[in-house]
Amino acid sequence: MEYRRNLADWLKLAGPDEIDAGKRWYREANAVAQAMAVKHGVTVETAAGVIAVLSPQCHWHDNVRAAESALATYRAGGTPSDAAAGTSA
């Protein structure tokens, strides 16, 4: 499968610092999703899903801000369309 070969090629290029940073990022991203879940009364899977949907071509800080906004809007009674309005994703 091509995606496996692509991933293997990327991993060969990564140094130890990059591998460590990647491992830390996943732990940190999970902590962000857990905090959002508690704050907005949703499951961790929902919070992570909102983050993931908004993430393509988006810087992490902007991604987290957009996800916070979307979850807050939805929790306040907005529709999913309301929650997505104004996001840069």
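The values are calculated or read from the model by the stated rules, or taken from the named source; none is laboratory data. As the structure is a prediction and not an experimental result, all values here were calculated from the model. Every residue, glycine among them, receives a Cβ derived from its backbone with ideal geometry; neighbour counts consider all protein chains shown.
Taking segment 1-67 as the region of interest, the helices (runs of 4 or more DSSP H) fully inside it that hold 2 or more residues being in contact with a helix residue (DSSP H, G or I) (Cβ under 6 Å, 6 or more places away or on another chain), modelled with pLDDT of 95 or more and under 28 Å from residue 77 (Cβ atoms) are 16-40, 44-54. Of (1) exposed (fewer than 10 other Cβ atoms within 10 Å of the Cβ); (2) over 16 Å from the mean Cα position of the chain (by Cα), residue 57 satisfies all except one. Which? For residue 57, the exception is condition (2). Does residue 46 meet the test of being exposed (fewer than 11 other Cβ atoms within 10 Å of the Cβ), among the β-branched types (Val, Ile, Thr) and either touching a Cys at 6+ places or on another chain (Cβ under 6 Å) or without any contact (Cβ under 8 Å) to a residue 40 or more places away in the chain (or both)? Considered against the rule, which asks whether it is exposed (fewer than 11 other Cβ atoms within 10 Å of the Cβ), among the β-branched types (Val, Ile, Thr) and either touching a Cys at 6+ places or on another chain (Cβ under 6 Å) or without any contact (Cβ under 8 Å) to a residue 40 or more places away in the chain (or both), residue 46 comes out as no.
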